[in-house]
There are 2 protein chains.
Amino acid sequence: MKPLAQEDRQTLVQLKSDLIAQYDDYCARQLSLDMTRGKPCAQQLDIANPLHGLVDGTNYFSENKTDCRNYGVPTGLDECKNLFSMITGIDPSLIVIGNNASLSLMYDTLMRSMVFGEIESDRPWTNESIRKWLCPVPGYDRHFAITETLGFEMIPVAMTPDGPDMDKVEKLVASDASIKGIWCVPQYSNPDGYVYSDEVCKRMASMKTAAKDFRVFWDNAYAIHDLYPEHRRRIPNILALAEQSGNPNRFYVYASTSKITLAGSGIACIAANADNIARVKKQLSLRTIGPEKLNQLRHARYIPDMETLEGIMKKHAEIIRPKFEAVDAILFEELGGLGIASWCKPDGGYFISLFLMKGTAGKVVDAARKAGVLLTPAGATYPYGKDPDDSNIRIAPTLPSLPDIETAIHVLGICAKLVAVEQLLDQQ
Amino acid sequence: MKPLAQEDRQTLVQLKSDLIAQYDDYCARQLSLDMTRGKPCAQQLDIANPLHGLVDGTNYFSENKTDCRNYGVPTGLDECKNLFSMITGIDPSLIVIGNNASLSLMYDTLMRSMVFGEIESDRPWTNESIRKWLCPVPGYDRHFAITETLGFEMIPVAMTPDGPDMDKVEKLVASDASIKGIWCVPQYSNPDGYVYSDEVCKRMASMKTAAKDFRVFWDNAYAIHDLYPEHRRRIPNILALAEQSGNPNRFYVYASTSKITLAGSGIACIAANADNIARVKKQLSLRTIGPEKLNQLRHARYIPDMETLEGIMKKHAEIIRPKFEAVDAILFEELGGLGIASWCKPDGGYFISLFLMKGTAGKVVDAARKAGVLLTPAGATYPYGKDPDDSNIRIAPTLPSLPDIETAIHVLGICAKLVAVEQLLDQQ
């Protein structure tokens, strides 16, 4: 195996012919495989089976004797704040519990910024004629969709294995007051699976920003989602860092149990320092008489302590680790040493980020789709769906079965080679 | 019993002395009774006990075989749309299911209006330098709190037994383009318990509005909440009326099971015509990967048909009707014929609306509080908490026990008489 770019024309022509034959074989199998979304598989959801029976018509009281069936408790049950404190390391008093989706809490936070502004704002963000937002790339398409719909000009910033390129971030935010914030997935970033270094976290907390109302949306979606607990590395408590750095209001932290218990029926939280969270609570009390508390009660009872929590996460790892390893192995088998692909081998999270030869990702996704393998659209991991290198593909290995993943990644590998060979031949 | 205003001074002085003695007796009992909020009592919540066991680790599939534990189904399960179609009479295709609180859906709708505007808007509502909102009074304090926080100038409009004073409404909306909408609780209005007449509904749907993006927030919170099923009268399908009247985009309809199943753990919906609901769905899909669906599944299974639904509502009525009747009887016993009070005798809903002698409601609530009976603050049923007549008190009879209600209403009656007598003596 030598890099394809070093092969002569004849070899490439022969290779192309071989690859087309392999590709046609897969097409003939009429596959229908979906690798698009980071959804847990049924076996993972089964882990939480004991959850369902933990509330019935006799045991609906919280620890402080609140009837959880009725209205009230707008910020959530104390026992759930403790649960999220275990997950995030943040003080329970700074945590507010929502319903099932942390994405909703992020959307709502930005809607409030638009209508009311932040503590330090001169005006609501809707009244900022130009508003910009930093987007580490590759990143999470649903994050980008929110800032896009709210009219932020999204500025991509490259990810590194230690987190966003902080030289770039610091330079941008120091000079442009219209940059109001940044999306971050600090632990097992989506899709690269990188863990922000302590240094990056410190710089994020202490950097000078031209916008006095700058906010970091710290989406800690994979806070404890280790594939290899023995490799575990944790980000620092960012609210404490922000306080120490003299920027106490900078961060909104989000987490959920969506990938701990049930993806569609977990509970989510927002956390922030005292001043921010007081404003959140005020608006929240206008928005609802209280969140759904029986599911909170189920969760608090299901995960009473750290030992249980870690036990659950180990079960997840046991189910999905073989899938991640299969993707890695087959990518290596298909693409290793050819100089046309690189990919991350994350220690946790939900994705594998694959970088193909520039200018080929879109064609590869198209070719795979025609062979019955659905991949996340090329570009989805970039603002506006546009990857300037047309290179990155996000692989979501958790949902499909191991045999399906193996097939799908072989197809992906063949498509990646075929499109690369065609491009090399075109360029010769 | 002749009207107090016709009594001579000597009689009033003697009456005052008697009332003070009665009042002091109640004070000596060190009561602690809370009549403030429209919360169901535990016995009502017990009706839904069978709900809790309807989903477990084996039966989490919807009718169309979706695994309800996982992400997805952003607009809600078909079977829940059918449930809300039973409740509201609206076509299931126009219904979107949310989580547990219809108030959140209203708040979110207005936040979207603020940031994006409505279909016909020239600009987002945040950019309207003056924005106004009509508030039928007395009305629901949580509605008013939302429009207040969003900077609407709230204009009170009197309620009548047939609905808001439509002469006034029509005149206001025809001439002032800054009036963007109106709050309505059309079936068993909060707090009067009035049902809008067909005529009022028709006029609401067909009236000319200066604002082309005018919206009616049609909060059908008590759609089927009859105390006397035999007196039942139903509002028409307002979306159909709006369509017929050539104002198809005018209404957002809200409903929930909060007072059918569990106040804090029900499910809620928003409904609107095709164009509006398409916009709702678009933003919703940016806000969440899907609502919590296991509770939807529980609800759909618990209430499979209209017969079950009506059976549940009859059980509620049997529990709370005696409480409503006790309030009515004791108000009559204490205040009947004295010319200082009138009150509604609703056929459904959650409240009794009491009107006292002008200028006395605040003092009565204070006096009751000192005697250990908490009532909703006087003025709460008016925008900005200000009842210009200082007359209305909202009584919420569902939560307390029957003996507690009886005691509380006696105290309220004595306080109402005492404050009235003092005022009459002052005025003589």
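The values are calculated or read from the model by the stated rules, or taken from the named source; none is laboratory data. Predicted model, so just to flag it, every value in this text is computed and none were measured. Every residue, glycine as well, gets a Cβ built from its backbone with ideal geometry; the counts of neighbours run over all protein chains shown.
Some notes on this structure:
- Flag if A:Phe324 is part of a helix (DSSP H, G or I) and either more than 30 Å from B:Gly53 (Cα to Cα) or among the charged types (D, E, K, R) (or both): yes
- Check on A:Glu292, part of a loop (DSSP other than H, G, I, E, B) and farther than 28 Å from A:Cys344 by Cα: yes
- Conditions (1) in contact with a helix residue (DSSP H, G or I) (Cβ under 7 Å, 6 or more places away or on another chain); (2) modelled with pLDDT of 95 or more; (3) of a type outside the set (Asp, Glu); number of the one not met by B:Ile289: (2)
- Failed criterion for A:Glu325 (all others in (1) over 24 Å from the mean Cα position of the chain (by Cα); (2) of a type outside the set (S, T, N, Q); (3) surrounded by fewer than 19 Cβ atoms within 10 Å (Cβ to Cβ) hold): (1)
- Residues that are within 11 Å of chain B (Cβ to nearest Cβ) and among the basic types (Lys, Arg) within region A:129-171 comprise just one, A:Arg142.
- Residue within region B:128-138 that is closer than 30 Å to B:Pro164 by Cβ and without any contact (Cβ under 8 Å) to a residue 24 or more places away in the chain present: yes
- For region A:14-32, the count of residues that are surrounded by 14 or more Cβ atoms within 10 Å (Cβ to Cβ), within 14 Å of chain B (Cβ to nearest Cβ) and among the hydroxyl-bearing types (Ser, Thr, Tyr) is zero.
So that you can scan it fast, the table gives a plain yes or no per residue for (1) surrounded by 20 or more Cβ atoms within 10 Å (Cβ to Cβ); (2) within 17 Å of the chain's Cα centre (by Cα); (3) assigned to a helix (DSSP H, G or I):
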residue: A:Glu318; (1), (2), (3): no, no, yes
residue: A:Lys358; (1), (2), (3): no, no, no
residue: A:Gly362; (1), (2), (3): no, no, yes
residue: A:Arg394; (1), (2), (3): yes, yes, no
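- Members of region A:262-288 found to be over 30 Å from A:Leu399 (Cβ atoms), within 13 Å of chain B (Cβ to nearest Cβ) and among the small types (Gly, Ala, Ser), listed by number: A:Ser285
- Yes/no for B:Arg9 being of a type outside the set (Ser, Thr, Tyr) and loosely packed, with under 14 Cβ neighbours inside 10 Å: yes
- Conditions (1) assigned to a loop (DSSP other than H, G, I, E, B); (2) under 20 Å from B:Asp91 (Cα atoms); (3) within 14 Å of chain A (Cβ to nearest Cβ): number failed by B:Asn247: (3)
- Residues of region A:266-287 that turn out to be assigned to a loop (DSSP other than H, G, I, E, B), over 18 Å from the mean Cα position of the chain (by Cα) and either without any contact (Cβ under 8 Å) to a residue 40 or more places away in the chain or buried (at least 23 other Cβ atoms within 10 Å of the Cβ) (or both), as a count: 1
- Scanning region B:61-100 for residues that are within 13 Å of chain A (Cβ to nearest Cβ), out of contact with any strand residue (DSSP E or B) (no Cβ under 6 Å at 6 or more places or on another chain), in contact (Cβ under 8 Å) with a residue 24 or more places away in the chain and buried (at least 22 other Cβ atoms within 10 Å of the Cβ) yields a count of 6.
- Only one entry in A:Ser206, A:Ser197, A:Ser178 is more than 21 Å from the chain's Cα centre (by Cα) and either within 14 Å of another protein chain (Cβ to nearest Cβ) or over 21 Å from A:Ser113 (Cα atoms) (or both), namely A:Ser206.
- Residues of region B:182-211 satisfying the condition of being in contact with an Asp or Glu (Cβ under 9 Å, 6 or more places away or on another chain), surrounded by 16 or more Cβ atoms within 10 Å (Cβ to Cβ) and among the small types (Gly, Ala, Ser): B:Gly193, B:Ser197, B:Ala205, B:Ala211
- Counting only residues that are at negative phi, more than 21 Å from the chain's Cα centre (by Cα) and within 11 Å of chain B (Cβ to nearest Cβ), region A:101-128 holds 10 of them.
- Yes/no for B:Lys259 being within 13 Å of chain A (Cβ to nearest Cβ), under 26 Å from B:Arg215 (Cα atoms) and not in a helix (DSSP H, G or I): yes
- The residues of region B:295-304 that are touching a residue at least 60 places away in the same chain (Cβ under 8 Å) and either part of a loop (DSSP other than H, G, I, E, B) or within 9 Å of chain A (Cβ to nearest Cβ) (or both), listed by number, are B:Asn295, B:Ile303.
- One residue stands out among those in region A:16-73 that are of a type in the set (Asp, Glu) and assigned to a strand (DSSP E or B): the one that is nearest to the chain's Cα centre (by Cα), which is A:Asp34.
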